[in-house]
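What follows draws every value from the coordinates through simple rules; no lab data is involved. Because the structure is predicted, anything quoted here is derived from the model rather than measured. Glycine also receives a Cβ, built like all others from the backbone with ideal geometry; neighbour counts cover every protein chain displayed.
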Amino acid sequence: MKKFLPGLSCLILCGALIGCSQETNPNASSPTSSVSEVEEVDGSVFILASEPEGAGDVISVRSEAGDGEQVLIVGRIGGSSDPWIEGRAAFTIVDQSLKSCSDIPGDNCPAPWDYCCETSKLPTAMALVKFVDKSGSVVKADAKGLLGVKELSTIVVKGQAKRDEAGNLTILASGVFVKQE
């Protein structure tokens, strides 16, 4: 019996350690709370029937709009190889004065919306657009499907300017007009 006692003690101790290490963390994210969750949202509430007049380009709105100010801004969806925020109605837009690779004859870039030929100009020529619901939360839906937009779509966005400490511009959008190309 004395031969088995150390082995049995070791098994009991290992079992206790394994059981303790498998405790659930109440603060851990469950797979169901990931960013990829989307809601059924009627995108038509964000679509403007006609193009609003007086929209400023991204560069001018970035330099002039104050935090909380209502703005109209025009730009093209892009600025990186993936300008979309996964599972959210949010993306980046770029000032129309910048050339995408598709605007350059003979350039066969596979992702012309990344503006790789204008990289040095992007930091001051981009804005983040977030479509928000009535409570001010970003809509949990894919922007492409919700709004019928794609990379390099030219859009006019109506919304509220939001500034961060670094001066970056986010538009809390309430409406969009998609220009026909």
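Exposure proxy ranking for Ser137, Ser81, based on other Cβ atoms within 10 angstrom of each Cβ and starting from the fewest, stands as Ser137, Ser81. Placing a label point 7 Å from the Cα of Asp67 along the Cα-to-Cβ line, the residues of segment 161-181 whose backbone N sits under 15 Å from it are 161-172.
In order along segment 148-156, the phi-based Karplus estimate (6.51 cos²θ - 1.76 cosθ + 1.60, θ = phi - 60°) of 3J(HN,Hα) comes to x, 10, 8, 4, 6, 4, 8, 9, 10 Hz; Gly and Pro are listed as x. With kT/(6 pi eta Rh) evaluated at 20 °C and eta = 1.002 mPa s, and Rh the Kirkwood radius from Cα pairs, segment 39-178 diffuses with a coefficient of 143 µm²/s according to Stokes-Einstein. Full extension of the segment from Asn168 to Ser44, taken as 0.36 nm per residue of separation minus the current Cα-Cα distance, would add 41.8 nm.
In segment 104-181, Rg over Rh equals 1.00, where Rg is the alpha-carbon radius of gyration and Rh the Kirkwood radius from pairwise Cα distances.
Taking other C-beta atoms within 10 Å as the exposure proxy, Lys99, Lys130 rank Lys99, Lys130 from fewest upward.
Remark: spin-label model distance Glu51-Asp133 equals 3.3 nm, labels positioned 7 Å along the Cα→Cβ axis. Model label sites at Ser97 and Ser81, defined 7 Å from Cα along the beta-carbon direction, differ in position by 2.9 nm. Ranked by the mean number of other Cβ atoms within 10 Å of their residues, highest first, the peptides 67-75, 152-160, 106-114 fall in the order 152-160, 67-75, 106-114.
Taking label points 7 Å from Cα along the Cα-to-Cβ direction, Thr124 and Ala111 give a separation of 2.5 nm.
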